[in-house]
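J.: Got a structure here, written out as structure tokens. Questions coming.
The values are calculated or read from the model by the stated rules, or taken from the named source; none is laboratory data. For clarity, every value in this text was computed on a predicted model and none was experimentally measured. Virtual Cβ from ideal backbone geometry, glycine too; neighbours counted across all protein chains shown. Side chains included, ligands, DNA and RNA excluded: accessible areas come from the protein's heavy atoms. Shrake-Rupley method; radii C 1.70, N 1.55, O 1.52, S 1.80 Å.
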Amino acid sequence: MRLIALALGLLLMTAPAARAEDGYDLWLRYKPVEAPARAAYAARAAAIAPVADTPTLKAARAELERGLTGLVGKPASAAAGSRDGVIVLKAGAADAALGDEGFRIRTLTANGKTATVITANRDIGVLYGVFRYLSLIQTRQSVDKLDLVSAPKVKLRMLNHWDNLNRTIERGYAGQSIFDWWKLPDHVDPRLVDYARANASIGINGAVLNNVNAKADSLTAPYIAKAAAVADTVRPYGIKVYLSARFSAPIEIGGLKTADPLDPGVRAFWKAKADEIYKSIPDFGGFLVKANSEGQPGPQDYGRTHVDGANMLADAVGPHGGVVIWRAFVYSHEQPDDRAKQGYSEFKPFDGQFRDNVVIQVKNGAIDFQPREPFHPLFGAMPKSNLGMEFQITKEYLGFATHLVYLGPLYEETLKSDTMAHGKGSTVAKVIDGQLDGRKLTVMAGVANIGSDRNWSGSQFDQANWYVFGRLAWDPEASSRDIAADWARMTFSNDPRFVTPAVEMMMGSREAAVNYMTPLGLHHQMGRSHHYGPGPWVSGGPRADWTSVYYAKAGPDGLGFDRTPTGSNATAQYAPAVGACFADLKCVDEKTLLWFHHLPWDYRLKSGDTLWDGLVKSYSAGVAYVDGMNRTWASLAPYVDAQRHAEVADFLKIQRHEAQWWRDASIAWFGSFSKRPLPPGEKPPARSLEDYEAESFPYAPGGGE
Ligand code: BDP
């Protein structure tokens, strides 16, 4: 007996500890399907046919094998038609419906044998098809009689990494950069393959490797070699590498006296630089440029325009098939105009003047990635230019990594907004996918939330934001709720007792953040610079439009920014019907009320509440929602592995605490102007306004270099 116990003890000691789930596998967990469904799937996916010997097809086959092995059991290798249940992967389909990257998945039966055939015109479509096929099993859909076609609606589906060369990440909350420039190119972290797999699984096909606040060093020979090593690693997964280009690089690394885009020496520098890059990275995507914005150099430094700058770079990369993505996030030091108007004012007059390989990348709203913004007025306003979308995936203004905020509804809200550019139905989605004005070079970019943390995104639920971004870039008209359900199933569990409440919780989480941070159209009320926590009192400093008081305009008379014709008249930048609605108190959505209007504290909301009462209640509703998320998550413990459950639970507690802090501090501040009592039942802030104002957070993450 003792011997047996001893043997058992030894066995236990030497048995490898089961690896806890830490989120590293993302939505590609490939955990075994439960019986009896497992056997049915296994029968359909019993074998994989050999594939042509190309890197992408080999990656597709390897992924299929890996996925099936985990989900239903290791598939055999068998020729097409040799037995039942073979999966065939084939490129070169000459199928017009599929374009360059689409795929078709069909179940075919011949001679009593059933096969699943994943075809595409190009290899990459096959890889995308494999991921889709696996996701069908992961989400427990039938794979018995498949006949589906899918092709991306947007051409360039990109991540923008705001990663610095020293591995810090501007606005990053998930550890260090996954691009270890110091060790590259001699050592390429194998993690980059998993990064590429994850991106390919949601159709992302481009990555800008370095911060838009760029260093010219990234364009020097050693760094080009490093970028080339990354490009080689991600290429089989259909991902092209891009670099942010610092406009003054000709001076900093080219030995020139100027970066004037019309100077022949400068033009020659960029041409030579492009040639040099394409020698090492033949499929280099192109440059992303932040110019004349927040102190970055640009063509205006030389009396030139955005067109001069963008076209000069476009001419350098154009012969190689590259593109220039030129950001419209500009607001100048000289212009005292409403910051919300400046992007439109600067870019709209240039419509039609940019080269065909230039894309103007526009943030979803006119200020800066706020919890809620009306869509940017440039969407629909530049029909003769390529206009791309820039969303933020990292949650700079939405509670960093610890707040559970699913961004799908934010993205969807913007994409579904109607610009009315060509009458009703001219949605932002149709601008972005090119339908509205027949544009071919289309872009959707997301500022990445990826870092070296084991869970990649800083929290388990922030993975959903990476996921939904990719899915919406593939199809900007898809439903963020459906995508949340897919993600929840693949990432956690298919049990409806998990999926239904988890998706419900996710879907309301962004509105909750809006409520506890910036309800009713308030914006930019975060702490100075780091944007952590409430800072409605932020004032002074180098420029007014970096302060909270500039945006909220709280005073004894009321609250909000008047952007109607009586104010900054930003509403005039929208199509007339849209602008008129925003300017009209009877028409404007109260969710953006204080974005467009300055209103007295006793203004009556649709609910019948005064503005002050409604404001307080909105903050409290946000806090209450977070309470609810804590309860929901606690009840989901039976369906989630312990490690991930505990991490989410901890973060929800932080969020609960911080939501209360947001509410209390904001009410304390705005109450000092409204001088009105709290609505019945509302608790006064826990601390004094001075207390909240006195707090400082010098070590808040995401500050960058
Ligand atoms: C702001 C960020 C800043 C970025 C800037 C940008 O605070 O770090 O550099 O956007 O998009 O939201 O260029």
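J.: Just give me the residues in the range 652-677 being open to solvent by 50 Å² or more (accessible area, probe 1.4 Å) and either aliphatic (A, V, I, L, M) or in contact with a His (Cβ under 8 Å, 6 or more places away or on another chain) (or both), in sequence order.
T.: Matches in the range 652-677: ILE654 only.
J.: Which ones in the range 290-302 are among the acidic types (Asp, Glu) and assigned to a loop (DSSP other than H, G, I, E, B)?
T.: Across the range 290-302, the qualifying residue is only GLU294.
J.: What number of residues within the range 293-308 satisfy the criterion of being more than 16 Å from the ligand (Cβ to nearest atom) and open to solvent by less than 30 Å² (accessible area, probe 1.4 Å)?
T.: 2
J.: Tally the residues that are within 17 Å of GLY470 (Cα to Cα) and among the hydroxyl-bearing types (Ser, Thr, Tyr), restricting the search to the range 114-132. Let's see the steps before the verdict.
T.: Keep residues of the range 114-132 that are within 17 Å of GLY470 (Cα to Cα), which gives 124-125, 127-132.
Next, from what is left, pick out any that are among the hydroxyl-bearing types (Ser, Thr, Tyr): 128.
Count: 1.
J.: Next question. Going by the conditions given, is THR69 β-branched (Val, Ile, Thr) and open to solvent by 20 Å² or more (accessible area, probe 1.4 Å)? So that I can check it myself, show each step before the final result.
T.: On the way: β-branched (Val, Ile, Thr): yes; open to solvent by 20 Å² or more (accessible area, probe 1.4 Å): yes.
The answer is yes for THR69.
J.: Mind checking which pairs have a first residue in the range 518-543 that is more than 13 Å from the ligand (Cβ to nearest atom) and a second that is among the β-branched types (Val, Ile, Thr) and open to solvent by less than 10 Å² (accessible area, probe 1.4 Å), Cβ under 7 Å, 6 or more apart or different chains?
T.: Here the result reads GLN525/THR518; VAL538/THR547; SER539/THR547; GLY540/THR547; GLY541/THR547, each pair linking the range 518-543 to a residue that is among the β-branched types (Val, Ile, Thr) and open to solvent by less than 10 Å² (accessible area, probe 1.4 Å).
J.: Something else now. Tally time: how many residues in the range 492-526 are in a loop (DSSP other than H, G, I, E, B) and open to solvent by 10 Å² or more (accessible area, probe 1.4 Å)?
T.: Selection size over the range 492-526: 5.
J.: Take the conditions in a helix (DSSP H, G or I), open to solvent by 10 Å² or more (accessible area, probe 1.4 Å) and over 22 Å from LEU288 (Cα atoms) and apply them to ALA478. Does it pass? Outline the logic, then answer.
T.: Values: in a helix (DSSP H, G or I): no; open to solvent by 10 Å² or more (accessible area, probe 1.4 Å): yes; over 22 Å from LEU288 (Cα atoms): yes.
So ALA478 does not fit the description; no.
J.: Right, another one. Let me confirm something: among ASN210, ASN199, which residue is open to solvent by less than 10 Å² (accessible area, probe 1.4 Å) and more than 16 Å from the ligand (Cβ to nearest atom)? Steps first, answer last, please.
T.: Values: ASN210 fails: more than 16 Å from the ligand (Cβ to nearest atom).
Exactly one of ASN210, ASN199 is open to solvent by less than 10 Å² (accessible area, probe 1.4 Å) and more than 16 Å from the ligand (Cβ to nearest atom), namely ASN199.
J.: From the list ALA97, ALA120, ALA151, which residue is within 23 Å of the chain's Cα centre (by Cα), within 21 Å of THR56 (Cβ to Cβ) and touching a residue at least 12 places away in the same chain (Cβ under 8 Å)? Spell out the reasoning first.
T.: Numbers: ALA97 fails: within 23 Å of the chain's Cα centre (by Cα); ALA120 fails: within 23 Å of the chain's Cα centre (by Cα).
It is ALA151.
J.: Scan the range 117-140 for residues that are assigned to a loop (DSSP other than H, G, I, E, B) and surrounded by 22 or more Cβ atoms within 10 Å (Cβ to Cβ) and jot them down.
T.: ALA120, ASN121
J.: Here's a follow-up. For the range 399-418, how many residues are surrounded by 23 or more Cβ atoms within 10 Å (Cβ to Cβ) and assigned to a loop (DSSP other than H, G, I, E, B)?
T.: Within the range 399-418, residues that are surrounded by 23 or more Cβ atoms within 10 Å (Cβ to Cβ) and assigned to a loop (DSSP other than H, G, I, E, B) number 8.
J.: From the list VAL234, VAL193, VAL143, pick out the single residue that is surrounded by fewer than 22 Cβ atoms within 10 Å (Cβ to Cβ), away from the ligand (no atom under 16 Å from the Cβ) and outside the structural domain of ALA59 (by TED's automatic domain parsing).
T.: Working: VAL234 fails: surrounded by fewer than 22 Cβ atoms within 10 Å (Cβ to Cβ); VAL143 fails: outside the structural domain of ALA59 (by TED's automatic domain parsing).
Going through VAL234, VAL193, VAL143 in turn, the sole match is VAL193.
J.: Just checking, how many residues over the range 356-369 are in contact with a Leu (Cβ under 9 Å, 6 or more places away or on another chain), of a type outside the set (Val, Ile, Thr) and within 12 Å of the ligand (Cβ to nearest atom)?
T.: Adding up the residues that qualify gives 3.
J.: At least 3 residues that are out of contact with any helix residue (DSSP H, G or I) (no Cβ under 6 Å at 6 or more places or on another chain) and modelled with pLDDT of 95 or more in each: list the helices (runs of 4 or more DSSP H) lying fully within the range 532-640 that qualify.
T.: Numbers: elements: 548-552, 576-583, 593-596, 611-635.
Qualifying helices (runs of 4 or more DSSP H): 548-552, 576-583, 611-635.
J.: Let me ask another. So ARG510 fits all but one of (1) in the same structural domain as PHE391 (by TED's automatic domain parsing); (2) closer than 21 Å to TYR397 by Cβ; what number is the exception?
T.: Exception for ARG510: condition (1).
J.: Within the range 386-413, track down each residue that is touching a strand residue (DSSP E or B) at 6+ places or on another chain (Cβ under 7 Å) and either within 16 Å of the ligand (Cβ to nearest atom) or without any contact (Cβ under 8 Å) to a residue 40 or more places away in the chain (or both).
T.: Result: GLY388, MET389, GLU390, PHE391, GLN392, ILE393, THR394, TYR397.
J.: Name the residues in the range 272-291 that are within 16 Å of the ligand (Cβ to nearest atom) and either open to solvent by 20 Å² or more (accessible area, probe 1.4 Å) or among the β-branched types (Val, Ile, Thr) (or both), would you?
T.: VAL289
J.: Quick one: would you say GLY533 is open to solvent by 10 Å² or more (accessible area, probe 1.4 Å) and not aliphatic (A, V, I, L, M)?
T.: No, not satisfied.
J.: Hey, could you check the range 310-346 for residues that are within 16 Å of the ligand (Cβ to nearest atom) and open to solvent by 10 Å² or more (accessible area, probe 1.4 Å) and say which is nearest to LEU262 (Cα to Cα)?
T.: GLU346
J.: Can you confirm whether LEU159 is open to solvent by 30 Å² or more (accessible area, probe 1.4 Å), part of a strand (DSSP E or B) and either touching a Gly at 6+ places or on another chain (Cβ under 9 Å) or free of Cβ contacts under 8 Å to residues at least 60 places away in the same chain (or both)? Reasoning before the result, please.
T.: Values: open to solvent by 30 Å² or more (accessible area, probe 1.4 Å): no; part of a strand (DSSP E or B): yes; either touching a Gly at 6+ places or on another chain (Cβ under 9 Å) or free of Cβ contacts under 8 Å to residues at least 60 places away in the same chain (or both): yes.
So LEU159 does not fit the description; no.
J.: Look through the range 86-114, keep the residues that are on the phi > 0 side of the Ramachandran plot and at pLDDT below 95, and return whichever of them is most open to solvent (accessible area, probe 1.4 Å). It would help to see each step written out before you state the result.
T.: Start the filter on the range 86-114 by keeping residues that are on the phi > 0 side of the Ramachandran plot, which leaves 92, 94, 99, 111-112.
Now narrow it down to the ones that are at pLDDT below 95: 111-112.
Numbers: ASN111: 148, GLY112: 69 Å².
Selected residue: ASN111.
J.: For the range 584-597, indicate whether the set of residues that are polar (S, T, N, Q) and surrounded by 16 or more Cβ atoms within 10 Å (Cβ to Cβ) is non-empty. Walk me through how you get there before you give the answer.
T.: First, pick out the residues of the range 584-597 that are polar (S, T, N, Q): 592.
If we keep only those that are surrounded by 16 or more Cβ atoms within 10 Å (Cβ to Cβ) too, we end up with 592.
Yes; the residues of the range 584-597 include at least one that is polar (S, T, N, Q) and surrounded by 16 or more Cβ atoms within 10 Å (Cβ to Cβ).
J.: Another question, if that's okay. Mind checking which pairs have a first residue in the range 170-191 that is farther than 21 Å from TRP466 by Cα and without any contact (Cβ under 8 Å) to a residue 60 or more places away in the chain and a second that is open to solvent by less than 40 Å² (accessible area, probe 1.4 Å) and in a loop (DSSP other than H, G, I, E, B), Cβ under 8 Å, 6 or more apart or different chains?
T.: Between residues of the range 170-191 that are farther than 21 Å from TRP466 by Cα and without any contact (Cβ under 8 Å) to a residue 60 or more places away in the chain and residues that are open to solvent by less than 40 Å² (accessible area, probe 1.4 Å) and in a loop (DSSP other than H, G, I, E, B), the close pairs are TRP181/LEU165; HIS187/ASP180.
J.: Let me ask another. Quick one: in the range 237-260, which of the residues that are more than 24 Å from TRP182 (Cα to Cα) and small (Gly, Ala, Ser) is surrounded by the fewest Cβ atoms within 10 Å (Cβ to Cβ)?
T.: Within the range 237-260, the match that is surrounded by the fewest Cβ atoms within 10 Å (Cβ to Cβ) is GLY255.
J.: Given the criteria out of contact with any Leu (no Cβ under 6 Å at 6 or more places or on another chain) and assigned to a strand (DSSP E or B), does THR114 qualify? Walk me through how you get there before you give the answer.
T.: Values: out of contact with any Leu (no Cβ under 6 Å at 6 or more places or on another chain): yes; assigned to a strand (DSSP E or B): yes.
The answer is yes for THR114.
J.: Here is a follow-up. Given VAL428, VAL443, which one is within 16 Å of the ligand (Cβ to nearest atom), hydrophobic (A, V, I, L, M, F, W, C) and buried (at least 24 other Cβ atoms within 10 Å of the Cβ)? Break it down stepwise before answering.
T.: Working: VAL428 fails: within 16 Å of the ligand (Cβ to nearest atom).
Criteria check complete, one pass: VAL443.
J.: Answer with yes or no whether PHE670 is modelled with pLDDT of 95 or more and either of a type in the set (Val, Ile, Thr) or within 16 Å of the ligand (Cβ to nearest atom) (or both).
T.: no
J.: Scan the range 167-190 residue by residue and report those that are within 16 Å of the ligand (Cβ to nearest atom) and not charged (D, E, K, R).
T.: As a first pass, look at the range 167-190 and keep what is within 16 Å of the ligand (Cβ to nearest atom): 168-174, 177.
The answer is THR168, ILE169, GLY172, TYR173, ALA174, SER177.
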